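Notes follow once the structure below has been shown.
The values are calculated or read from the model by the stated rules, or taken from the named source; none is laboratory data. Model, not experiment: these values are computed from the prediction. Because the Cβ atoms are built from the backbone with ideal geometry, glycine has one as well, and the counts that use them run over all protein chains shown. The accessibility values were calculated without ligands, DNA or RNA, using every heavy atom of the protein model including side chains. Shrake-Rupley method; radii C 1.70, N 1.55, O 1.52, S 1.80 Å.
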Protein chains: 2
Amino acid sequence: MPATELQPPALQPGTLRVIPLGGLGEVGRNMTVYELNGKLLIVDVGVLFPEEHQPGVDLILPDIAPIRERLDDIVGIVLTHGHEDHIGAVPYLLRLKNDIPLLGSTLTLALVEAKLKEHRIKPYTLTVREGQREHLGPFGLEFVAVNHSIPDALAVAIRTEAGMVLHTGDFKMDQLPLDDRLTDLRAFARLGEEGVDLFLPDSTNADIPGFTPLEKDIGPVLEAVIAKAPRRVIVASFASHVHRVQQVLDAAAANGRRVALIGRSMVRNMGIAADLGFLKVPEGVLIDFKKAGDVPDDRIVYMSTGSQGEPMAVLSRMANGDHQIEVGEGDTVILASSLIPGNENAVYRVIDNLTRLGVKVVHKANAKVHVSGHAAAGELLYCYNILKPRNVLPVHGEFRHLTANAQLAIETGIPAENTFIAENGTVLDLRDGVVRMVGQLDLGYVYVDGSSVGTITDADLKDRRILAEEGFISIFVAIDPQNGRAIVGPEIHSRGFAEDDSVFDAVRPKIVKALNEAAENGVRDQHSYQQVVRRTVGRWVNTQHRRRPMIVPVVIEA
Amino acid sequence: MPATELQPPALQPGTLRVIPLGGLGEVGRNMTVYELNGKLLIVDVGVLFPEEHQPGVDLILPDIAPIRERLDDIVGIVLTHGHEDHIGAVPYLLRLKNDIPLLGSTLTLALVEAKLKEHRIKPYTLTVREGQREHLGPFGLEFVAVNHSIPDALAVAIRTEAGMVLHTGDFKMDQLPLDDRLTDLRAFARLGEEGVDLFLPDSTNADIPGFTPLEKDIGPVLEAVIAKAPRRVIVASFASHVHRVQQVLDAAAANGRRVALIGRSMVRNMGIAADLGFLKVPEGVLIDFKKAGDVPDDRIVYMSTGSQGEPMAVLSRMANGDHQIEVGEGDTVILASSLIPGNENAVYRVIDNLTRLGVKVVHKANAKVHVSGHAAAGELLYCYNILKPRNVLPVHGEFRHLTANAQLAIETGIPAENTFIAENGTVLDLRDGVVRMVGQLDLGYVYVDGSSVGTITDADLKDRRILAEEGFISIFVAIDPQNGRAIVGPEIHSRGFAEDDSVFDAVRPKIVKALNEAAENGVRDQHSYQQVVRRTVGRWVNTQHRRRPMIVPVVIEA
């Protein structure tokens, strides 16, 4: 149900325009554009991971059509934190113009720089920290500490002549965080006193009642599981979850075990986090994966990726007996992560295969080994009451999350007409404390597949889905265009159609006959001959096999 | 990780052989074969629904290879209850021999007969009820009432000279069921006193601690939601869940609303259930769907299918604005069903689209509108303690469910060596109270796609997955086999590859050159020429596009 396109009016000087390009109606590819007096400020440039109806797609990028011709007007990109859905598309934007300044915290920029290095891009960066203020053209920025499932996350307050905006990025409000770095509610209160004209909060968990449990409650559970494990322990989590890895390191140390990190992204990110002091490695606990085999089985913990059942990740390969660590009886695997909707079958397949090998699998469903990184409804209510924003635009979430978040705002007394449920491409203008929806741009999905960016269309994906469901039948025939006589062929081949090619013996004469008849009826052009072949084969396969494979006729004149 | 094949020894007279053909390591296509003295008894013949890695497959049947040549030896098929995963493959078996007697309860047989009618098969049936005993060849059967999410479910005790088996089918132990028909623990106790040699229990919820909540707790929630609904209410559930529909009818009646059933399977099944007295329709509540539009919006409840996000079901079509009932602001949709793993994305898409239309969506995550139909761990412990079976073979579940169920058995004191984790095709022999695993048959998946049964192979599905991920490139070329000169073509086409066909201009000369060189190197046969084309195009597409589409070369001699 895409929104109807509505071109916004020309932007007047002194009015702030807000256009979310991604992250609304989806969990991923977060990107918001702010425009004032001809200058653009961008907050986050993330990727979205494909669902099963987008086969073969590696990544999905925000559609930057509205700013593609205006890259020179961008004064900077603020990155709220280092997760892929907030920084993953930065390389694709910097490919177009590599000197746009990136602003973010120490850890966020370190992760972006490592990523950009793989794309051979050296960015211009400005490291900022909580409390810091910066000016970029007409935008006054103030950074505010927030707590999330990756350290060093920042919200950003944007002061302009049109009013003040608070953009949270992802956050929760763990009141006893491992690193003592709270979401700064004192700053929220101060901003609230000053007057927040537009608030853009994280909506991911807005439909979950109550409060996200404490991250620190997980440590004792991990420690108990590791204490009882008779042999090796493998913990799988996200490669960016520094706090979770911290708890694994601590739990291992408490049990006299060493820890080996497995997987390129895990090793790289934790190296960065340790170098910057975000990960505190207990003395002598870490061991190189290559040497881990020398440690006795009951003295080692492996920390890996693959908690979402990704087929190529370490954990799936272990479960398939396709990894150099051959897990079995007595080993324990802990999935210390959420189960992202859509990954259930893959994750349960990994759990089943591990169980089959004799491995004990501990996961969210049978032990408290994960908490979310996002604020639940109860926490969001605190925010609304502390900030008392004039207008609210919930971001980062599926439609149901945005709606739930808006409902929370309304329950705290924000007028419903000041609460905006928007889509990607919705254009909102702020002036004198008043927000108006003034347009709707028609944005698409930009698919990355291999080295192609943006060449895959939704029509191609539809073709792929048909191919997946039904396979295809290709028919090649070279004819005399004057009489439709087949000179070479019909050569008929199929894949995924799941019948022996000998079944086509029955349809070959029908094609020859149909081509002749078409010629007699005056058909002369290639396109019409191909239609004749398509219809003939389509009718036959539907009648005989009750199936609808893709039919690919190629008729050439010989 | 398929088990290694091991042919069982010839079966001795007086020994009972048990071979599960489906339902182990999966949730679906339940089917167990019992053999004694040359005769076969079958319990359940269900279907399995495909997962996303089995694209285009409609249904998956049990592999009946071990009994295909022995249909005349089958003395009967016991059907424990009327769910698709227990009766859905009956038509495919009866197609091979339509006079095998079917035994089941009134409702179960009525549902099977309706299904067989669509396949134009009129079966031989024997209606049985709880407490009833029957003899079929060497098998003495006693039927026992069990409680499940469809009425009239039966467990079956099988008495033989080799020992007694209790096969539960699906069940739970709701202690206050809507229809007062309890799982008959007195009968379980009596069978336990007599001595159960082998127990085959439902494992679906064995890994869920505690007890399945009462079905009757749902009624008040439904009633409260309907009472508060300002306009229409649409309830989606399974088309076989008579008790759930009963609660919707009662809640509607209590609120002075009429109920219209939507969807062929819902109307058919509830018609059968009402005719047989399993559904008690309050006076004047039901209204034909065609007349429901005349009822005021705040006086109607629609009862539909589609709670799993199935794209063609009523609810998905409503959510897409593609159904004659146009839902919108003020309407309420209740998803009164479980969320089967793997369906999350589809279901959430439906919820999002409904929310976008202004509909209020009530589902398991935000209200208590569903309870499971299967016994959780606490209930299974009761069973083990009441029955004290000598041996246990957990059935109906993924590997992790079977393992969890076996663990429960062991915790109640059943020796681990008497607790069998089997796979489909495992052969177990029972004699003198002793069960032995004596073989492992190599069974496959039998896929139904359109009108083809069993012609689709795993290789075809692999092809379909490659086509889905990458699309294909077909190359046709007619050559002079003596010198490899292309006479017609190369004609190159692609689908799902997502690049304009003009990109192939670059590879066409490479193909011509490679064919010539191959001829110079002595290649003469079609297969080798095709390999040359495949390699040439494959190398080009990998280098230029970093992609691996399926390459379909057709070289013919002109």
Subtracting the Cα-Cα distance from 0.36 nm times the residue separation, let me have the gained length for A:Leu6 to A:Ala189 in nm, one decimal. 62.2 nm
Which FRET efficiency, nearest 0.05, do A:Asp442 and B:Gln324 yield, Cβ-Cβ r, R0 30 Å? 0.55
For a Förster distance of 51 Å, can you work out the FRET efficiency between the beta-carbons of B:Ala224 and A:Glu134, rounded to the nearest 0.05? 0.45
Diffing the range A:183-194: the Karplus 3J(HN,Hα) column from phi (6.51, -1.76, 1.60, θ = phi - 60°), in whole Hz with x for Gly and Pro, holds 5, 7, 6, 5, 5, 4, 4, 5, 4, x, 4, 5
Accessible-area loss of at least 20 Å² in the complex relative to the chain alone (1.4 Å probe) applies, within the range B:334-355, to B:Pro341, B:Gly342, B:Glu344, B:Asn345, B:Tyr348, B:Arg349, B:Asp352, B:Thr355
Applied in sequence order to the range B:56-63, the curve 6.51 cos²θ - 1.76 cosθ + 1.60 (Karplus, θ = phi - 60°) yields integer Hz couplings, x standing for Gly and Pro, of x, 7, 7, 8, 10, 9, x, 7
Cβ-Cβ cut-off under 10 Å around A:Asp298, Lys and Arg +1, Asp and Glu -1: the net charge is +3
Does chain B come out rounded, prolate or oblate by the C-alpha gyration tensor, with a ≥ b ≥ c the root eigenvalues, rounded set by a/c under 1.5 and, if not, prolate when a/b is larger than b/c and oblate if not? oblate
What order do you get for A:442-454, B:332-344 when each peptide is scored by the mean count of other beta carbon atoms within 10 Å, highest first? B:332-344, A:442-454
Reduction of at least 20 Å² in accessible surface, 1.4 Å probe, comparing all protein chains with the chain by itself, residues of the range A:388-420: A:Phe399, A:Arg400
Check: chain A dipole with +1 on Lys, Arg Cβ and -1 on Asp, Glu Cβ, in debye: 760 debye
Find every distance from the label point of A:Gly328 to the corresponding label point in the other copies (7 Å from Cα along Cα→Cβ) and write them in nm, one decimal, shortest first. 6.6
Going 7 Å from the Cα of A:Ile487 along its beta-carbon direction, which residues of the range B:492-513 have the amide nitrogen within less than 18 Å of the resulting point? B:492
Lysines with Cα under 25 Å of B:Lys388, excluding same-chain neighbours fewer than 8 positions away: B:Lys172
Among beta bridges assigned by DSSP with both residues in the protein assembly as shown, the antiparallel ones amount in percent, to the nearest 5, to 55 percent
How much length is gained if the chain between B:Glu69 and B:Ile340 is pulled fully straight, taking 0.36 nm per residue apart and subtracting their Cα-Cα distance, in nm to one decimal? 94.0 nm
Per residue of A:47-55, what is the mean number of Cβ atoms on other protein chains within 10 angstrom of that residue's Cβ? 3
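Enter the mean number of other protein chain beta carbons within 10 Å of the beta carbon of each residue in A:454-466, as an integer. Let's see the in-between values first.
Details: counts 0, 6, 5, 1, 0, 2, 7, 4, 1, 9, 11, 5, 6.
The shielding value for this peptide is 4.
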Report, ordered by chain and residue number, the lysines lying within cross-link reach of B:Lys290, taken as a straight Cα distance under 26 Å and ignoring same-chain residues fewer than 8 apart. B:Lys115, B:Lys117, B:Lys228, B:Lys280, B:Lys360
Give the interface area between chains A and B as buried accessible surface, both sides summed, probe 1.4 Å, in Å² to the nearest 100. 5300 Å²
List every residue whose amide H lies under 5 Å from the amide H of B:Thr125, counting only residues 5 or more places away in sequence or on a different chain, with H placed 1.01 Å from N in the peptide plane. B:Leu102
Using only the Cα atoms of the range A:213-292, build the gyration tensor, take square roots of its eigenvalues as a ≥ b ≥ c, and label the shape rounded, prolate or oblate: rounded if a/c is under 1.5, else prolate if a/b is larger than b/c, else oblate. oblate
About the Cα centre of the range B:215-362, what is the dipole size in debye to 20, counting +1 per Lys and Arg Cβ and -1 per Asp and Glu Cβ, all else neutral? 140 debye
Given +1 on the Cβ of Lys and Arg, -1 on the Cβ of Asp and Glu, and no further charges, what dipole in debye does the protein assembly as shown carry about its Cα centre, rounded to the nearest 20? 460 debye
On C-alpha positions alone, give me the angle between the axis of helix A:242-254 and the longest principal axis of chain A, in degrees, nearest 10. 70 degrees
To test your reading of the geometry: what angle, between 0 and 90 degrees and rounded to tens, separates the Cα axis of helix A:106-118 from the longest principal axis of chain A? 30 degrees
Residue separation between A:Gln526 and A:Ala367 times 0.36 nm, minus their alpha-carbon distance, gives in nm 50.8 nm
Straight-distance crosslink candidates among lysines, where the alpha carbon sits under 16 Å from A:Lys364 and sequence neighbours closer than 8 are dropped: A:Lys216
Taking every DSSP beta bridge that has both residues in the range A:458-557, what percent is antiparallel when rounded to the nearest 5? 50 percent
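Shape call for the range B:146-231 from the C-alpha gyration tensor, a ≥ b ≥ c root eigenvalues: rounded (a/c under 1.5), prolate (a/b greater than b/c) or oblate? Don't jump to the answer; show the numbers that get you there.
Details: a/c = 3.31, a/b = 2.75, b/c = 1.20.
The shape class here is prolate.
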Rounded percent of accessible protein surface that carbon and sulfur make up, chain B, 1.4 Å probe: 49 percent
What are the distances, in nm and sorted shortest first, from the label point of A:Lys513 to the label points of the same position in each other copy, with each label point placed 7 Å from Cα along the Cα-to-Cβ direction? 4.7
Of all DSSP beta bridges located in chain A, what percent are antiparallel, nearest 5? 55 percent
Rolling a 1.4 Å sphere over the protein heavy atoms, what is the accessible area per residue of the range A:302-441, to the nearest Å²? 36 Å²
Placed amide H near A:Phe199: partners under 5 Å, 5+ positions off or other chain: A:Leu166, A:Asn391, A:Val392, A:Leu393
Averaged across the residues of A:486-499, what count of C-beta atoms belonging to other chains lies within 10 Å of each residue's C-beta? 6
For A:Gln407, label point 7 Å along C-beta direction: distances to other copies, nm: 3.6
